[in-house]
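Here's the structure, in structure tokens; my notes come after.
The values are calculated or read from the model by the stated rules, or taken from the named source; none is laboratory data. Every value quoted in this text rests on a predicted model; they were computed, and no experiment measured them. Ideal geometry is used to build each Cβ from the backbone, glycine not excepted, and the neighbour counts take in all protein chains shown. Just the protein is used for accessible areas: all its heavy atoms, side chains included, with ligands, DNA and RNA removed. Shrake-Rupley method; radii C 1.70, N 1.55, O 1.52, S 1.80 Å.
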Amino acid sequence: MVVIPNQLAAGELLISYWQDNEAKYSVLWTTAFLGVIIAANSMCGRYLGKYEVILSFLKVLVMSGLMALSIVLALGGGPDRDMKGFRYWRDPGAFANGTGGAVAGTVRAICRTVPSATLAYLGSELMGMTILRTQNPRKAAGRAIKVTFYRILVFNIVNITLLGMLVPHDTHMLAFSHNAPQHRTASAFVAVAQSAGPSVIPHILNACLLLFVLSAANQALQMASVTLHGLSLDKNAPYFLCRTNRRGTPIYSLGTCSALACLAYLNISSGSKRLFEYSVNLVSMFSILTWASILVIHFSFIRARKAQKITDEVLSFRAPLGLFGSWVALVACVFVTVIRGLDFVDPEFYPRGIDRSMAFVTSYIGIPLYITLVIGYKFGTKSKHVQPQDVDMGSLTPMPEPHVAVGNTVGQEGSVSIPLNRT
């Protein structure tokens, strides 16, 4: 739910590339963005899957083109014939060190980057929900996980490396730089395109990025409403949230999520840049808590599997590093949470006179909320601890091969009846 206002704020930052006064039309753009994604989810839900497939192809195409363009520019193929290479890694440097020496400055730069880096990996955990909606989840799981891994490896790691070669951290063209001009961009990719030659390229790229951001907001609204609807069906959320309209849309869940999406209107008073920073803090912490929950579930899954003597061959996918990899990931989640707090004691990042309380609250409010929900659920449902050998492993438990009887009547004991009209 919190991703939605985050993406809408990002959309306004992209819009600011074309307008002088961002605050003047803030209400108009926020209302337009909200209207588009709410209408798409309420009236065009059955077509969103096909739309996302087409848009995903366009995203891959655009990102591949950006990678090729960045390599050409880095090797001196731009209009200025300047072979940049890794020049900006030396001057002004790969890290925005600031004061306090190289080591302290590097640690400071890493701490500042943690929320944005976490946000870049957001969404990979939703793959499980997407897999469950395919025709053959067990077959789709392994392939989807591998494709997602390679996508992250190529697009996130390679692109950020190329951006570091072409855009110095002290550039004045970025919206989040301290000396940003009136006409600035929220995307480093657009800053790269500005040096490519034709003046129309940055505008086309910025329009594509705006489309992708709205797509992310639309998908976040869809996932949030579907999740809330599923929780209601499992009696883990209020019953009225499971009601749907004649199109099958969970209209009350959609309305609840849309109401929270109206937090995007906060940029009227604080500005889209400040709202984006606060929402990045919120989303980053919720993401870390989600990943930590998945890792803890993995620990329990492995214990139950071993207790019930279920072999690896039964699994459709097995993590390459197994239990060790999950422990490393959990330690990384805790580490990222801790170093995020170093920003709030850094006088250089929060100079005197700037209120850091809101940044602290948005960064860590997710932790007490998470603990409250877990404890409240335990007491509210009176759930009890389950021993590993008693866990229901579902389809992973080895079952005897049944006798299949074709017909409309139930056959002998242990057989499976397949109605003729549904074969």
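Right, MET83: modelled with pLDDT of 80 or more, among the aliphatic types (A, V, I, L, M) and not in a helix (DSSP H, G or I) or not?
Working: modelled with pLDDT of 80 or more: yes; among the aliphatic types (A, V, I, L, M): yes; not in a helix (DSSP H, G or I): yes.
Judged against the criteria, MET83 is a match.
Going residue by residue through the stretch 317-335, is there one that turns out to be among the hydroxyl-bearing types (Ser, Thr, Tyr) and exposed (fewer than 15 other Cβ atoms within 10 Å of the Cβ)? The answer is no; no qualifying residue exists. Summed over the stretch 239-298, residues that are of a type in the set (S, T, N, Q) and part of a loop (DSSP other than H, G, I, E, B) total 3. Within the stretch 277-296, residues that are more than 12 Å from VAL334 (Cβ to Cβ) have Cβ atoms under 8 Å from residues that are among the acidic types (Asp, Glu) and open to solvent by 30 Å² or more (accessible area, probe 1.4 Å) in these pairs: SER287/GLU125; THR290/GLU125; ILE294/GLU125, counting only partners at least 6 apart in sequence or on another chain. Pairs are defined by a Cβ separation below 6 Å, a sequence spacing of at least 6 or placement on different chains, a first member in the stretch 57-72 that is touching a residue at least 60 places away in the same chain (Cβ under 8 Å), and a second member that is part of a helix (DSSP H, G or I) and open to solvent by 60 Å² or more (accessible area, probe 1.4 Å); no pair meets this definition. Might you let me know whether the stretch 228-236 holds any residue that is under 19 Å from the mean Cα position of the chain (by Cα), part of a helix (DSSP H, G or I), more than 23 Å from GLY376 (Cβ to Cβ) and of a type outside the set (Asp, Glu)? No, the stretch 228-236 contains no residue that is under 19 Å from the mean Cα position of the chain (by Cα), part of a helix (DSSP H, G or I), more than 23 Å from GLY376 (Cβ to Cβ) and of a type outside the set (Asp, Glu).
In the set (1) under 23 Å from LEU122 (Cβ atoms); (2) among the polar types (S, T, N, Q); (3) in a loop (DSSP other than H, G, I, E, B), SER64 fails one condition alone, (3).
The number of residues in the stretch 353-412 that are open to solvent by 90 Å² or more (accessible area, probe 1.4 Å), at pLDDT below 75 and not in a loop (DSSP other than H, G, I, E, B) comes to 3. Residues that are within 21 Å of PRO5 (Cα to Cα), buried (at least 16 other Cβ atoms within 10 Å of the Cβ), hydrophobic (A, V, I, L, M, F, W, C) and more than 19 Å from the chain's Cα centre (by Cα) within the stretch 35-70 comprise ILE38, ALA40, listed in sequence order. Among the residues of the stretch 228-262, those identified as in contact with a helix residue (DSSP H, G or I) (Cβ under 8 Å, 6 or more places away or on another chain), open to solvent by 60 Å² or more (accessible area, probe 1.4 Å) and within 19 Å of TYR47 (Cα to Cα) are THR244, ARG247, ILE251. Exactly one residue among LEU119, LEU205 is of a type outside the set (S, T, N, Q), within 22 Å of the chain's Cα centre (by Cα), more than 30 Å from THR227 (Cα to Cα) and at pLDDT 80 or above, and that residue is LEU205.
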